[in-house]
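Working notes, beginning with the structure itself.
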Amino acid sequence: MGSQDIHLLLIEDNPGDAGLIREMLAEAKGMSFELEWTETLSEGIERLASGGLDVVLLDLALTDSTGLDTLRRLRAASPWAPVVVVLSGLSDEEISFQAVQEGAQDYLIKGQVDSSLLVRSIRYALERGHEQEALRGAQVELENRVRERTADLVKANEALRNSQHLLQGILNNSTAMISVKDLQGRYMLVNHGYERLFHANSESLVGKTVYDLLPREHADRVRASDQGVLDSGNVLEAEELIPQDDGLHTYIAIKSPLRDGEGKPYAVCGIATDITERKRLQADLTRASRVSSMGELSASLAHEINQPIAAAVTNANSCLRWLSRDEPDLVEAREAASRIVQDGRRAGEIIKRVRLLFKNDALQRELVDLNEIIREMMLLLHSEAAQFAAFIRTELAADLPQVMGDRVQLQQVLMNLMMNSIDAMKDMDGRRELTIQSQCGEDSQVLISVSDTGVGLPPEQADKIFDAFFTTKTHGTGMGLRISRSIIESHGGRLWAADNPPRGTRFCFTLPASGVTCDAVVSGDRTEAAHGPHANKPVV
């Protein structure tokens with residue numbers, strides 16, 4: 001990269017995080033950075049207008065803008081801004097992919113970044129930005145030369161050869177796979193990246209189509225994206241799967257139409273970068289985050305599983321006593337044996353749900369029954385509620401439509417909201433009641449609410465509870481509600497909080513009903529206090 005200073009602009013509203021970034025950059029070896037820092041997006045956009053910057057380090061959660069809207073506003077205000085590396089406290093694969101689609105060169109997660117990773121990301125962003133800028137410049141130059149052809153054919157051809165030589169030099173020195181295909185999908189030009197991937201020289205690849213190089217199912221998808229660029233006339237960014245010797249690799253491909261002097265598309269230019277390793281690391285981090293969030297429940301889960309086991313032992317002893325009588329009481333023994341079966345099923349159901357939360361599978365969208373997920377979370381959190389004498393009451397719509405979503409992520413949202421409610425009530429006097437409702441909302445939406453009788457929303461800070469790293473708990477990370485909102489929004493829904501008079505908080509979220517018109521609210525069952533030997537205990 002050379003010894004010249006790299007000029008960075010950090011847009012970050014947290015002084016502590018800004019200080020950490022500065023320290024990481026100071027530790028870098030072989031590179032020198034000049035860092036400027038602004039706390040708001042507005043100040044950052046104003047500084048960008050002055051120029052002289054190489055890379056922007058952008059936090060997605062600022063005081064005057066949050067989420068992907070922050071990146072969009074930056075790109076809208078300064079379309080030719082230097083390459084952007086997004087910093088976020090949220091480990092979410094979908095958001096990271098969308099960020100890259102909308103112009104970010106990388107997506108780094110706070111708390112998981114060290115000096116070497118940060119510097120490597122900046123280096124990668126610079127290299128990729130320079131390659132794209134150079135290719136764009138060469139493309140513009142080539143098209144301008146074609147439009148400005150004159151009667152002097154010799155000079156025009158010489159200029160074209162020079163442009164092609166320049167373009168080929170850029171292509172062959174790029175670490176990405178770069179190609180140009182004609183309207184029929186035949187390769188007109190490929191760089192060394194294609195030669196390395198397909199173990200062939202460029203001359204043998206020119207004239208072939210993707211169907212000559214890939215299995216048909218993969219070739220169909222690549223050809224469809226090429227045709228989408230030609231039909232729309234717009235730049236397209238998409239992920240493509242390419243089989244290699246060691247298995248499928250994921251590439252992020254940027255494709256744009258090339259136009260002739262009359263403005264008509266005559267070819268598709270594509271730049272593809274292998275992101276397989278990055279996606280694997282992101283998947284590992286996502287699973288690690290899920291396991292970490294379950295750590296605080298370990299004691300409660302152990303107690304919950306112990307309950308049906310202890311009950312089964314008690315019923316087994318009762319069964320033996322009924323059978324050991326001089327005249328065995330088979331009716332009582334049968335009832336005791338039936339209770340043992342029920343206890344065993346309950347323990348198995350608890351283990352099944354815990355395994356599902358820890359399962360190392362890719363996130364999958366499927367039809368989900370939210371009432372069923374609510375019951376599963378009640379089962380998992382039974383002991384947690386009982387520990388603090390909290391009653392859990394449900395009002396579930398009998399015919400609640402299913403939603404299309406990722407089951408584990410929706411479990412994570414409900415578990416987080418319920419745990420927050422229990423935590424908010426544990427030091428309160430009086431009745432501690434957690435109410436979970438499901439019903440049909442407006443515009444074919446399913447509405448779920450989690451209400452408690454706890455301490456309520458923090459005074460004058462209610463608008464901050466969904467901000468990253470904001471927490472009122474001594475043991476909190478400030479990420480639970482932020483992650484929950486991101487999950488719900490990624491499912492096309494909305495999550496918000498409100499007061500729950502006379503005391504407490506009510507969290508609500510909506511999700512689109514799947515294929516069903518949701519236009520009626522139906523009162524569901526209501527779980528009341530138990531009777532008998534457990535009547536004085538909290539009921540779930």
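Below, the figures for the structure above:
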{"quantity": "Strands (runs of 3 or more DSSP E) wholly inside region 1-106 containing at least 2 residues that are farther than 26 Å from V235 by Cα", "calculated": "6-11, 33-38"}
{"quantity": "Contacts under 7 angstrom Cβ, first residue in region 313-330 being closer than 19 Å to A347 by Cα, partner of a type outside the set (A, V, I, L, M), 6 or more apart", "calculated": "N315/R339; N315/D343"}
{"quantity": "All positions within region 369-405 that are among the charged types (D, E, K, R) and out of contact with any Gly (no Cβ under 7 Å at 6 or more places or on another chain)", "calculated": "D369, E372, R375, E376, E384, R393, D399"}
{"quantity": "Odd one out for A49 among (1) over 24 Å from D69 (Cβ atoms); (2) of a type in the set (A, V, I, L, M, F, W, C); (3) over 31 Å from the mean Cα position of the chain (by Cα)", "calculated": "(1)"}
{"quantity": "Criterion violated by M188 - all others in (1) under 26 Å from W80 (Cβ atoms); (2) hydrophobic (A, V, I, L, M, F, W, C); (3) in contact (Cβ under 8 Å) with a residue 60 or more places away in the chain satisfied", "calculated": "(1)"}
{"quantity": "Residue in region 58-78 that is within 16 Å of L118 (Cα to Cα) and in the same structural domain as I11 (by TED's automatic domain parsing) present", "calculated": "yes"}
{"quantity": "Members of region 114-131 that are part of a helix (DSSP H, G or I), touching a residue at least 60 places away in the same chain (Cβ under 8 Å) and charged (D, E, K, R)", "calculated": "R123, R128, E131"}
{"quantity": "Residue that is modelled with the highest pLDDT [pool: residues in region 193-209 that are surrounded by fewer than 17 Cβ atoms within 10 Å (Cβ to Cβ) and more than 25 Å from D260 (Cα to Cα)]", "calculated": "S204"}
{"quantity": "Lone qualifier among L160, L108, L135, L214 - being over 27 Å from L57 (Cα atoms), surrounded by 15 or more Cβ atoms within 10 Å (Cβ to Cβ) and of a type in the set (A, V, I, L, M, F, W, C)", "calculated": "L214"}
{"quantity": "Residue count, region 120-131 (criterion: out of contact with any strand residue (DSSP E or B) (no Cβ under 7 Å at 6 or more places or on another chain) and crowded, with 17+ Cβ neighbours inside 10 Å)", "calculated": "1"}
{"quantity": "Any hit, region 243-252, residues being touching a residue at least 60 places away in the same chain (Cβ under 8 Å) and either among the aliphatic types (A, V, I, L, M) or in contact with a strand residue (DSSP E or B) (Cβ under 9 Å, 6 or more places away or on another chain) (or both)", "calculated": "yes"}
{"quantity": "Selection within region 413-430 - free of Cβ contacts under 8 Å to residues at least 60 places away in the same chain and touching a strand residue (DSSP E or B) at 6+ places or on another chain (Cβ under 7 Å)", "calculated": "M418, I422"}
{"quantity": "Those helices (runs of 4 or more DSSP H) lying entirely in region 156-262 with at least 1 residues closer than 29 Å to Y107 by Cα", "calculated": "192-198, 216-232"}
{"quantity": "Residue that is farthest from the chain's Cα centre (by Cα), among those in region 100-145 that are over 19 Å from E277 (Cβ atoms) and of a type in the set (G, A, S)", "calculated": "A138"}
{"quantity": "Residue, farthest from L511 (Cα to Cα), within region 335-383, restricted to residues that are part of a helix (DSSP H, G or I), touching a Leu at 6+ places or on another chain (Cβ under 9 Å) and modelled with pLDDT of 75 or more", "calculated": "A336"}
{"quantity": "Failed condition for M404, given (1) more than 25 Å from the chain's Cα centre (by Cα); (2) outside any helix (DSSP H, G or I); (3) within 22 Å of R482 (Cα to Cα)", "calculated": "(1)"}
{"quantity": "Test result for L495, modelled with pLDDT of 90 or more, under 24 Å from Q98 (Cβ atoms), among the hydrophobic types (A, V, I, L, M, F, W, C) and surrounded by 16 or more Cβ atoms within 10 Å (Cβ to Cβ)", "calculated": "yes"}
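This table checks each residue for (1) modelled with pLDDT of 90 or more; (2) of a type outside the set (D, E, K, R); (3) out of contact with any helix residue (DSSP H, G or I) (no Cβ under 8 Å at 6 or more places or on another chain).
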{"position": "L10", "(1), (2), (3)": "yes, yes, no"}
{"position": "D17", "(1), (2), (3)": "no, no, yes"}
{"position": "M24", "(1), (2), (3)": "no, yes, no"}
{"position": "K29", "(1), (2), (3)": "no, no, yes"}
{"position": "E36", "(1), (2), (3)": "yes, no, no"}
{"position": "T40", "(1), (2), (3)": "yes, yes, yes"}
{"position": "E46", "(1), (2), (3)": "yes, no, yes"}
{"position": "G51", "(1), (2), (3)": "no, yes, yes"}
{"position": "L58", "(1), (2), (3)": "no, yes, no"}
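Residue-by-condition table, conditions (1) modelled with pLDDT of 80 or more; (2) in a loop (DSSP other than H, G, I, E, B); (3) β-branched (V, I, T); (4) within 27 Å of S65 (Cα to Cα):
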| site | (1), (2), (3), (4) |
| --- | --- |
| M428 | yes, yes, no, no |
| T435 | yes, no, yes, no |
| S438 | yes, no, no, no |
| V446 | yes, no, yes, no |
| V455 | yes, yes, yes, no |
| P458 | no, yes, no, yes |
| D463 | no, no, no, yes |
| A468 | no, yes, no, yes |
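The values are calculated or read from the model by the stated rules, or taken from the named source; none is laboratory data. This structure is a prediction, so every number in the text was calculated from the model and none was measured. We place every Cβ from the backbone using ideal geometry, glycine too, and count neighbours over all the protein chains shown.
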